[in-house]
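The values are calculated or read from the model by the stated rules, or taken from the named source; none is laboratory data. As the structure is a computational prediction, the values presented were derived from the model and not from experiment. All Cβ positions, glycine included, derive from the backbone under ideal geometry; neighbour counts span all protein chains shown.
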Amino acid sequence: MIRAPFVLAVAFASAALSSVAQSVPAAPASYQLPEAKRVKLPNGLVLLLLEKHELPLTSVTLALRTGALLDPAGKPGVSAITAELLRKGTTTESSEQVSTAIDFIGMQFASSGAESEGTSLAADFLAKDTDKALGLMADVALHPVFPEEELKKTIAQRKERLKTEKDDLQGTASRYFLATLYAGHPYSYGLQATGATLDTITRQDITAFYQRVYTPPNAVIAVVGDFKAAEMESRLRTLFGGWKGVAPEPVKVPVQRPVTGRHVLVVDKPDATQSYFVIGNVGLSEVDPDRAPAHVVNTLFGGRFSSMFNEELRIKSGFSYGASSRFTELRTPGPFVMATFTRNATTGPAIDRSFEVLDRLHTHPFGEGDLTSAKNYLRGNFPPTLETSPALARRLAMDEVDGISRAEFNGELAREQATTLAEANRVIDKDFPLRENYVLVIVGKASEVGPLAAKYGTVTTKKITDPAY
């Protein structure tokens, strides 16, 4: 599938894998993304309007084309803090008044934060409250004041979060992997935040970022739900038509080449009873023509419960409760990862088995029946992910931000279903890493798992208590 936009993360999908059906019977007809009405206002703001009248609900996503990649040098987190502070007070309403107004109509309103390549705000509300909800959203997006005391609170909260986030070893392994694979690359900048760097962020940094990035030519508003498109367009023109500003210069992100050689990072957590490890390399961009066949292959390799990787690590060996693999596609190539966890005592055997599965993939083990099974799985499992209005609003907004047309989106789904065995074997050789070239990150008790690491390549060791990643 087309990637979940702006997401630069390595997911351990073991829990999800255990609840996903192993096969999909009688695949339905291929999904087609609904066509939204597209309007571009004179100030450059794009509106996407899709009527969906099954329920008296409406969902709105306001998305920006830029995110953490525009953080000022040495100040990772400015973009995320800016997004978080939007609802902490406007020129006419205090933070408490904004929260009270949102709660009064039962509106769900949140920022996704700022991911590497974009930022989004999302709101869900009853159709009868449309005018109040849109007014609140416009006020928060267009007239924030970023109170100094709220900035101090947010920075303090983020510093506390930095102290505790490494307790989640799954997420920690993924962040160390990305920081290692993309060392020195913009995709890793956001991982370098520390308490010291957060303390350097000022209100001037926030307001300057807002003025630079929160502009109508840099924004998209997608609305899905119970409304008439003409009426919604009129409302949005009134609320957002006077928004002014120019688009920021696009970020030039260099293409990260796949690593060569075997690179191993051991992150020591002395009290760990399990090891979490990630194996991978640079994978695909969102415009790579091989996305569709690669996703079909990955479904068989590590993308579902009955995949090769999960079958070996969970079902046959019992080393883990789950193992998964995935591509994360970005504007330049994002990562391909294999991820799992195991007891300290079985870390070596589990890593060995992971490489054995990867080696077996490169023998081209799949046949036509396997491809049919994967295609049916994708065709059956993808449509439910876009059943709700919030999911559709986000998809429409993110595709517009990424320059992906409806025809291109639907075309990729069709190309998945048309994948041939020859294409599958070609992308195995081209897009899935070889045993000779990878980054391996192991987070665990170094006194137990460290001695075996040298077997897998050149080893670097860090303490989990060290700042950043």
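Take Phe341 and tell me if it is under 23 Å from Ala414 (Cβ atoms), aromatic (Phe, Trp, Tyr), out of contact with any Lys or Arg (no Cβ under 8 Å at 6 or more places or on another chain) and in the same structural domain as Arg435 (by TED's automatic domain parsing). Even if it seems obvious, please write down each step before you answer.
On the way: under 23 Å from Ala414 (Cβ atoms): no; aromatic (Phe, Trp, Tyr): yes; out of contact with any Lys or Arg (no Cβ under 8 Å at 6 or more places or on another chain): yes; in the same structural domain as Arg435 (by TED's automatic domain parsing): yes.
The answer is no for Phe341.
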Seminar exercise, completed: Flagged in segment 358-391 as among the small types (Gly, Ala, Ser), surrounded by fewer than 16 Cβ atoms within 10 Å (Cβ to Cβ) and within 26 Å of the chain's Cα centre (by Cα), in numbering order, are Ala391
Seminar exercise, completed: Scanning segment 249-263 residue by residue, the ones that are modelled with pLDDT of 95 or more and surrounded by 12 or more Cβ atoms within 10 Å (Cβ to Cβ) total 5
Problem set entry | Any hit, segment 209-232, residues being closer than 30 Å to Ser325 by Cα, without any contact (Cβ under 8 Å) to a residue 12 or more places away in the chain and of a type outside the set (A, V, I, L, M) | no
Problem set entry | Options Thr180, Thr172, Thr200: the member that is in contact (Cβ under 8 Å) with a residue 60 or more places away in the chain, over 24 Å from Glu35 (Cα atoms) and touching a His at 6+ places or on another chain (Cβ under 8 Å) | Thr180
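Residue by residue, here is whether (1) within 21 Å of the chain's Cα centre (by Cα); (2) part of a strand (DSSP E or B); (3) in the same structural domain as Glu436 (by TED's automatic domain parsing); (4) surrounded by fewer than 18 Cβ atoms within 10 Å (Cβ to Cβ) holds:
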site: Ala230; (1), (2), (3), (4): no, no, no, yes
site: Arg235; (1), (2), (3), (4): no, no, no, yes
site: Leu265; (1), (2), (3), (4): no, yes, yes, no
site: Pro270; (1), (2), (3), (4): no, no, yes, yes
site: Gly280; (1), (2), (3), (4): yes, yes, yes, no
site: Phe309; (1), (2), (3), (4): no, no, yes, no
For this session: Would you mind telling me which numbered condition in (1) of a type outside the set (D, E, K, R); (2) more than 19 Å from Lys244 (Cβ to Cβ); (3) surrounded by fewer than 18 Cβ atoms within 10 Å (Cβ to Cβ) Gln211 fails?
Result: (2)
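Among the residues in segment 188-198, are any in a helix (DSSP H, G or I) and touching a Ser or Thr at 6+ places or on another chain (Cβ under 6 Å)? Outline the logic, then answer.
Going through segment 188-198, the residues in a helix (DSSP H, G or I) turn out to be 188-192, 195-198.
Among the residues that remain, those that are also touching a Ser or Thr at 6+ places or on another chain (Cβ under 6 Å) are: none.
Scanning segment 188-198 turns up no residue that is in a helix (DSSP H, G or I) and touching a Ser or Thr at 6+ places or on another chain (Cβ under 6 Å).
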For this session: Name the one entry in Val401, Val357 that is in contact with a helix residue (DSSP H, G or I) (Cβ under 8 Å, 6 or more places away or on another chain) and either among the β-branched types (Val, Ile, Thr) or not assigned by TED's automatic domain parsing to the domain that holds Asp290 (or both).
Result: Val357
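Looking at Thr342, Thr332, which one is touching a strand residue (DSSP E or B) at 6+ places or on another chain (Cβ under 9 Å), β-branched (Val, Ile, Thr) and either surrounded by 21 or more Cβ atoms within 10 Å (Cβ to Cβ) or over 20 Å from Val259 (Cα atoms) (or both)? So that I can check it myself, show each step before the final result.
Values: Thr332 fails: either surrounded by 21 or more Cβ atoms within 10 Å (Cβ to Cβ) or over 20 Å from Val259 (Cα atoms) (or both).
Only one candidate qualifies: Thr342.
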For this session: Give the residue that is surrounded by the fewest Cβ atoms within 10 Å (Cβ to Cβ), with candidates limited to residues of segment 159-182 that are among the hydrophobic types (A, V, I, L, M, F, W, C), within 15 Å of Pro76 (Cβ to Cβ) and modelled with pLDDT of 95 or more.
Result: Ala179
Exercise. Does segment 341-362 contain at least one residue that is at pLDDT 95 or above, closer than 24 Å to Ser285 by Cα, in contact with a Gly (Cβ under 6 Å, 6 or more places away or on another chain) and not basic (Lys, Arg)?
Worked result: no
Exercise. Limited to segment 428-452, what total is found for residues that are surrounded by 22 or more Cβ atoms within 10 Å (Cβ to Cβ) and either in a helix (DSSP H, G or I) or assigned by TED's automatic domain parsing to the domain that holds Arg161 (or both)?
Worked result: 2
For this session: Output the number of residues of segment 351-389 satisfying the condition of being touching a residue at least 40 places away in the same chain (Cβ under 8 Å), over 14 Å from Leu33 (Cα atoms) and not in a loop (DSSP other than H, G, I, E, B).
Result: 21
